[in-house]
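Just below is one structure, and these are the notes that go with it.
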Amino acid sequence: MTKDFIHIADFRAEQLSRLLERALADKKLFQAGKLPATCTRKTLALIFEKPSLRTRVSFEAAMVQLGGAAIALTEQDIGLGKREAISDVAAVLGRMCDAVAARTFEHDTVVELARHAAVPVINALTDYSHPCQAMADAMTAAEVLGGLTGRKLAFIGDGNNVARSLAVLCAKLGAHFVLASPQGYELGEQFVASLPAGPGSFAQTYDPRQAVADAAVVYADTWVSMGQENQKAQRLAAFRGFQINDELLAAAPADAVVMHCLPAYRGCEITDAVMARHAKTIFAQAENRLHFQRSLLNVLITEGGIR
Ligand code: CP
Ligand code: NVA
């Protein structure tokens, strides 16, 4: 039994598949007005060291839909690790709330919260990974394509948190992950070596056209992640040529779907025209954050963890 949801790599393929199936089934129940309120009087503490739209709203809405409530706390509110030790914050929240979700710069901050909290802790994005996003994306792929297994996902852009979580999830689910990035923005050797062997595969290239050939999914993330604002000029220059536009998509299969974790910087990593054509899938990814996390909260809070 795993108490927390911190990194996709912590779970076996069948545990991840079960979570996805449950989230898809719960989504249907919810839409039919039949999902029971299993978290009545339960509370989620939500910690944010960085901005958020989707993550904050989806966690807060999910708790209300389950009959409970969420309490959002910013860095200014609590001074995590500054006003008070991370271990003390975890000890207090674990006594007052039924779960904690945290978006932090350092990945180790979430790991330490989990170590010291008696309740489940969820990674709501760190500089290292974004597992809830990857799981919501796999739900979307299941709905749009019938699943990721055996398919190729071409990630065009930065070898960062979202790419890392998707690469691990693809390896676990038997999908083929390819990252096309400029030199210097690849996924690191240590991470690549840690990827589980299995039916899936992993590759990196500097050629986005090569990456999108045979791809079922072409995926975009921002070129300048939260916390990297001081590198904006050099990043915009480095990533020129890695935009998802009609010219690049001409090298992809005609039925390839475009995904974006959002927020999107139109005119940078993706054009307005591509966003418009693939809006249905892209906003389904955002909506599925709600459906995945509601199921995850239900499992972690009412069952004590992931079996
Ligand atoms: N995709 C995502 O995590 O969005 P937010 O940063 O708005 O939460
Ligand atoms: N890589 C982006 C993802 C945003 C959801 C960031 O970290 O800002």
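The values are calculated or read from the model by the stated rules, or taken from the named source; none is laboratory data. Bear in mind the structure is a predicted one, so any value in this text is a computation, not a measurement. All Cβ positions, even for glycine, are placed from backbone atoms using ideal geometry, and neighbour counts span all protein chains on display. Each accessible area value is taken on the protein alone, full model and side chains, heavy atoms only, with ligands, DNA and RNA left out. Shrake-Rupley method; radii C 1.70, N 1.55, O 1.52, S 1.80 Å.
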Which of (1) surrounded by 14 or more Cβ atoms within 10 Å (Cβ to Cβ); (2) outside any loop (DSSP other than H, G, I, E, B); (3) of a type outside the set (S, T, N, Q) is the odd one out, the single condition residue 215 does not satisfy? (2)
Hey, residue 55 hits all of (1) assigned to a helix (DSSP H, G or I); (2) more than 29 Å from residue 188 (Cβ to Cβ); (3) within 16 Å of ligand 2 (Cβ to nearest atom) but one; which does it fall short on? (2)
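Test residue 254 against the criterion of being farther than 16 Å from residue 159 by Cα and open to solvent by 20 Å² or more (accessible area, probe 1.4 Å), and give yes or no. Working first, answer last.
Numbers: farther than 16 Å from residue 159 by Cα: yes; open to solvent by 20 Å² or more (accessible area, probe 1.4 Å): yes.
Taking the combined requirement at face value, the residue satisfies it.
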Exactly one condition in (1) touching a residue at least 24 places away in the same chain (Cβ under 8 Å); (2) of a type in the set (S, T, N, Q); (3) away from ligand 2 (no atom under 16 Å from the Cβ) is false for residue 76; which is it? (1)
Which one is farthest from residue 49 (Cα to Cα) among residues in the stretch 124-134 that are more than 11 Å from ligand 1 (Cβ to nearest atom) and of a type in the set (S, T, N, Q)? 129
The stretch 139-162: number of residues that are in a loop (DSSP other than H, G, I, E, B) and under 17 Å from the mean Cα position of the chain (by Cα): 6
Select, from 29, 24, 73, the only residue that is in a strand (DSSP E or B), out of contact with any Lys or Arg (no Cβ under 8 Å at 6 or more places or on another chain) and surrounded by fewer than 19 Cβ atoms within 10 Å (Cβ to Cβ). 73
Any residue at all in the stretch 235-249 that's within 15 Å of ligand 1 (Cβ to nearest atom) and more than 25 Å from residue 148 (Cα to Cα)? no
Counting just the residues of the stretch 85-123 that are more than 16 Å from ligand 1 (Cβ to nearest atom) and part of a strand (DSSP E or B), which one comes out farthest from the chain's Cα centre (by Cα)? 99
When both residues are 6+ apart or on different chains and their Cβ atoms are under 7 Å apart, which pairs have a first residue that lies in the stretch 54-66 and is free of Cβ contacts under 8 Å to residues at least 40 places away in the same chain, and a second that is away from ligand 1 (no atom under 13 Å from the Cβ) and open to solvent by less than 60 Å² (accessible area, probe 1.4 Å)? 60/70
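Take the residues in the stretch 94-136 that are open to solvent by 20 Å² or more (accessible area, probe 1.4 Å) and touching a helix residue (DSSP H, G or I) at 6+ places or on another chain (Cβ under 8 Å), then tell me which one is nearest to ligand 2 (Cβ to nearest atom). Please lay out each step first, then the result.
The first filter runs over the stretch 94-136 and keeps only residues open to solvent by 20 Å² or more (accessible area, probe 1.4 Å), leaving 95-96, 98, 105-108, 111-112, 115-116, 118, 127-128.
Those still in the list that are touching a helix residue (DSSP H, G or I) at 6+ places or on another chain (Cβ under 8 Å) too: 98, 112, 115-116, 118, 127-128.
On the way: 98: 25, 112: 20, 115: 23, 116: 25, 118: 29, 127: 7, 128: 10 Å.
Selected residue: 127.
May I ask you to say which residue of 174, 188, 200 is open to solvent by less than 60 Å² (accessible area, probe 1.4 Å) and over 22 Å from residue 143 (Cβ atoms)? Give the steps one after another, and end with the answer.
Numbers: 174 fails: over 22 Å from residue 143 (Cβ atoms); 200 fails: over 22 Å from residue 143 (Cβ atoms).
Every option except 188 fails the conditions.
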Residues of the stretch 269-294 classified as within 16 Å of ligand 1 (Cβ to nearest atom) and out of contact with any Gly (no Cβ under 7 Å at 6 or more places or on another chain), total: 18
